[in-house]
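What follows is a short report on a single structure.
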Amino acid sequence: MNRSFGLSLDDRLSEHISVLHCSPPLRFHCSPALMPSAAQKPVALTSPQARRIWLRAQRLDEDAPFGGGPAATQAAIEHLGYVQIDTINVIERCHHHILFTRIPDYRREHLHQAQSVDKTVFEYRAHALAYLPTTDMRFYAAKMREHRRHVNAGLSSVSGKDLRRVLMRIKKQGALSLRDIDDDVPVEKDHAWASRKPSERALRAAFYSGALTVSQRTGILKTFELMNRHFGWDKPPKPAPEKETLNHLLDRALRSQGVVSLDSICHLDAPRKAGIRRAIEARMRHGELVSVEFDGMGKFEHWARPETLDAVPPPAEERVHILSPFDPLIIQRKRLKLFFDYDHIFEAYVPKPKRKFGYFALPVLIGDKIVAILDLKTDRAQQKLLVQQWTWIEKNSKRSRKKQIEEALHRFEQFQLAR
């Protein structure tokens with residue numbers, strides 16, 4: 001089916017969601033003398049409690065948790081630790097979508113201001129390419145140094161000559177994008193995802209080695225500038241020691257996930273699991289972390305701070321969030337299944353006859369449950385948000401849920417089409 005939510009959608013739809021009566025939260029009081037050690041029995045949570053802790057950590061259980069205006073964008077990225085970047089443009093690109101989900105008055109220019117004017121965020125690879133807080137730069141400097149050694153040793157597909165040519169051009173002429181370079185002589189690809197343009201390969205190598213940074217992004221077009229010149233540094237931050245980086249990653253996960261596991265802390269970074277486990281065990285010995293268990297967690301160990309367990313959120317109000325498939329709540333598929341008993345399948349690369357939920361399906365969160373999946377597409381020419389397919393996950397109360405979701409779709413469409 002193909003249903004459109006155009007600008008003619010009933011403007012009288014309420015933008016407020018009724019609040020459910022909430023029972024008092026369960027509290028776990030852990031005095032310092034009674035802090036569980038690594039050998040003690042885990043604290044038991046129910047699955048709904050574990051979900052609500054994660055939703056609270058993701059700031060999805062309250063309105064405007066980071067306030068409004070441009071400062072909210074910086075605050076959200078600093079709290080979450082990263083916001084993933086992806087170039088798919090079926091609806092709004094995921095970095096804008098993720099921020100809109102948590103900042104009701106978010107505007108695209110707010111991210112531009114944070115990256116290009118205030119320079120409080122930068123682009124680099126977390127588990128994927130992402131916006132990161134500039135204050136965290138030193139935790140990525142070691143990875144940049146590794147890439148630099150790789151290039152210097154001649155182990156990459158970039159020649160030293162091409163790299164020096166691009167860097168000298170930026171140094172003399174200022175920041176540039178790939179579109180500013182029109183004198184490339186194409187070369188053969190050495191793998192499927194490689195570029196035939198030597199300058200693009202050189203820009204990529206210089207970016208990952210920390211010589212260049214993305215000074216601004218317009219859609220998928222990136223403008224590159226010398227790292228030190230962009231930030232006004234004489235020298236870039238020194239790489240943080242590995243032990244400090246491990247503790248940073250652990251703290252980031254505890255802040256943005258609430259209840260953590262080795263997999264959730266080290267998503268697509270398995271080599272760090274051994275070091276993270278040592279950091280966890282050290283904190284447990286000092287009573288700073290507690291082992292927890294909940295229904296459905298299976299063989300996976302989980303931990304939380306005692307103060308997190310002492311303030312388990314009450315049942316969430318029924319706020320509606322149409323989530324990006326790259327949202328931090330969705331991107332770790334195994335964790336999503338453990339906490340929400342929901343398997344999200346990203347079908348953009350699945351042949352059409354084999355798709356179950358649609359090309360660009362987005363989960364719909366109401367309260368602490370994923371209730372539906374919507375395959376959406378923005379028709380920018382007709383100024384409409386199209387619902388290609390609507391799949392219910394929760395079978396109960398479809399009628400009341402449908403109205404709530406339609407109200408959220410109306411707000412989402414206004415954001416999609418606002419320019």
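The values are calculated or read from the model by the stated rules, or taken from the named source; none is laboratory data. Computed from a prediction, not measured in an experiment: that's the story for all the values here. Neighbour counts are summed over all protein chains in view; Cβ atoms, including those assigned to glycine, are modelled from backbone coordinates with ideal geometry. Each accessible area value is taken on the protein alone, full model and side chains, heavy atoms only, with ligands, DNA and RNA left out. Shrake-Rupley method; radii C 1.70, N 1.55, O 1.52, S 1.80 Å.
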Counting only residues that are more than 26 Å from residue 339 (Cα to Cα) and not in a loop (DSSP other than H, G, I, E, B), which one in the range 368-402 is most open to solvent (accessible area, probe 1.4 Å)? 377
Being under 22 Å from residue 91 (Cβ atoms) and out of contact with any Lys or Arg (no Cβ under 9 Å at 6 or more places or on another chain), is that true of even one residue in the range 296-309? no
Looking at residue 370, is it closer than 21 Å to residue 94 by Cα and of a type in the set (A, V, I, L, M, F, W, C)? yes
Does residue 199 qualify as being assigned to a helix (DSSP H, G or I), at pLDDT below 95 and either more than 29 Å from residue 110 (Cβ to Cβ) or open to solvent by less than 20 Å² (accessible area, probe 1.4 Å) (or both)? yes
If you go through the range 292-335, how many residues are open to solvent by less than 30 Å² (accessible area, probe 1.4 Å), β-branched (Val, Ile, Thr), closer than 23 Å to residue 262 by Cβ and under 24 Å from the mean Cα position of the chain (by Cα)? 3
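Kindly indicate whether any position in the range 184-195 is at pLDDT below 95 and either under 30 Å from residue 71 (Cβ atoms) or in a helix (DSSP H, G or I) (or both).
No - not one qualifying residue is present in the range 184-195.
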Among (1) open to solvent by less than 70 Å² (accessible area, probe 1.4 Å); (2) at pLDDT below 95 - the single one residue 360 does not satisfy: (2)
Quick one: residue 69 ticks every box in (1) in contact (Cβ under 8 Å) with a residue 24 or more places away in the chain; (2) under 30 Å from residue 388 (Cα atoms); (3) open to solvent by 10 Å² or more (accessible area, probe 1.4 Å); (4) of a type outside the set (Phe, Trp, Tyr) bar one, so which box is it? (2)
Taking the criterion of being open to solvent by 40 Å² or more (accessible area, probe 1.4 Å), at pLDDT below 95, more than 11 Å from residue 312 (Cβ to Cβ) and in contact with a helix residue (DSSP H, G or I) (Cβ under 6 Å, 6 or more places away or on another chain), would at least one residue in the range 36-56 satisfy it? yes
Restricting the search to the range 311-361, which residues are of a type in the set (A, V, I, L, M, F, W, C), in contact (Cβ under 8 Å) with a residue 60 or more places away in the chain and either touching a Ser or Thr at 6+ places or on another chain (Cβ under 6 Å) or not in a loop (DSSP other than H, G, I, E, B) (or both)? 320, 322, 339, 340
Test for residue 33: is it of a type in the set (Gly, Ala, Ser), open to solvent by 50 Å² or more (accessible area, probe 1.4 Å), modelled with pLDDT under 95 and part of a loop (DSSP other than H, G, I, E, B): no
When you scan the range 270-291, do you find a residue that is within 17 Å of residue 53 (Cα to Cα), hydroxyl-bearing (Ser, Thr, Tyr), touching a His at 6+ places or on another chain (Cβ under 9 Å) and open to solvent by less than 60 Å² (accessible area, probe 1.4 Å), even just one? yes
Candidate set from the range 137-173 (those that are touching a Pro at 6+ places or on another chain (Cβ under 6 Å) and small (Gly, Ala, Ser)); member that is surrounded by the most Cβ atoms within 10 Å (Cβ to Cβ): 141
Consider only pairs whose beta carbons are under 7 Å apart and that are at least six residues apart or on different chains; among these, list those whose first residue lies in the range 382-397 and is within 18 Å of residue 322 (Cα to Cα) and whose second residue is open to solvent by 60 Å² or more (accessible area, probe 1.4 Å) and of a type in the set (D, E, K, R). 386/377; 387/3; 388/377; 392/398; 394/369
Go through the range 268-306 and report how many residues are free of Cβ contacts under 8 Å to residues at least 60 places away in the same chain and part of a helix (DSSP H, G or I). 13
Take the residues in the range 132-169 that are modelled with pLDDT under 95 and of a type in the set (Ser, Thr, Tyr); name whichever of them is nearest to residue 81 (Cα to Cα). 156
